[in-house]
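Below is one structure, written out as structure tokens, with a few remarks after it.
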């Protein structure tokens with residue numbers, strides 16, 4: 001079921017109807033190494049977190065990325081695919097590739113510079129030939145569907161939260177709802193300056209929401225999400241959102257990860273709320289990678 005109205009979402013949602021009956025966190029993850037010394041100008045058209053005046057340092061970015069893979073490996077097995085110099089946004093694979101119950105899902109990207117990533121035969125082949133996953137290829141669809149950039153998923157309940165923007169339209173949301181096998185998807189407009197839902201919302205292991213209310217087009221939407229999680233939520237300020245505190249992920253039931261900038265932006269009370277939710281907070285220095293307009297969660301493609 002897809003709903004687009006906050007009241008309809010709350011009327012449908014209940015803990016009894018949508019219990020936490022599935023695995024909440026991934027069994028592994030993969031990353032794609034950064035290699036480009038340029039930012040993707042096409043992506044900057046609708047990614048306001050990018051600044052094309054910044055010059056990335058590829059060596060420092062690779063060091064930070066390697067440290068990210070090492071640190072995340074404490075929670076799940078992590079593998080890293082090589083980067084492609086012709087795909088400067090390739091270090092954010094979760095927008096292009098995602099998984100669900102033995103399926104590899106390939107997204108439909110808005111910009112040609114990112115559409116090239118969807119054709120990677122090594123990633124497709126790994127899931128097909130090594131893991132035996134079947135492929136659901138959305139990359140040629142007549143819609144835009146940037147997977148877990150646009151769609152934040154509560155895997156435990158089978159509920160998707162899909163922000164509509166230039167990076168995802170309603171037809172794309174429907175295609176992802178079916179591809180992921182979701183039970184319920186709540187679709188809503190993001191604020192005009194936002195490009196991906198996972199910058200303004202994280203759902204941690206099905207137990208807690210971290211969200212930036214100003215990132216949603218209708219204030220009733222974040223209010224409804226907070227109510228759905230029985231108030232177990234952390235609300236972020238505009239400054240904290242821009243520090244990527246909302247770009248968080250839980251790869252294990254007892255730890256939440258965000259970039260060092262995002263973690264440093266949190267107030268003590270917010271850190272305490274995350275800890276009360278059962279999560280230790282892990283952080284990794286990613287300021288070089290954040291020049292490209294994404295942060296820690298954007299770097300991580302989960303394997304379910």
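Bear in mind these aren't lab numbers, they're just calculated from the coordinates by the rules spelled out. All figures in this text were calculated on a predicted structure; none of them were measured in a lab. A quick note on method: Cβ atoms are made from the backbone with ideal geometry, for glycine too, and the neighbour counts reach across all protein chains shown.
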Rg and Dmax in Å for region 1-157, alpha carbons only: what are they?
17.5, 51
When the chain is treated as a Gaussian network with springs between alpha carbons less than 10 Å apart, the largest mean-square fluctuation among 123, 153, 105 is found at 123
For region 78-142, just say rounded, prolate or oblate: build the C-alpha gyration tensor, square-root its eigenvalues into a ≥ b ≥ c, call rounded for a/c under 1.5, and beyond that prolate if a/b exceeds b/c, oblate if not.
oblate
Per-peptide average of other Cβ atoms within 10 Å, ordering 85-97, 131-143 highest first:
85-97, 131-143
Fewest to most neighbouring Cβ within 10 Å: what's the order for 185, 4, 53?
53, 4, 185
Hey, could you pull the Cα Rg and Dmax for region 176-219, both in Å?
11.6, 30
What list of whole percents do you get for P(r) of region 161-257, with Cα-Cα distances grouped in 5 Å bins up to the one holding the largest distance?
3, 14, 23, 24, 22, 11, 2, 0
If I take all pairs of Cα atoms in region 119-188, what percentage of them are more than 20 Å from each other?
35
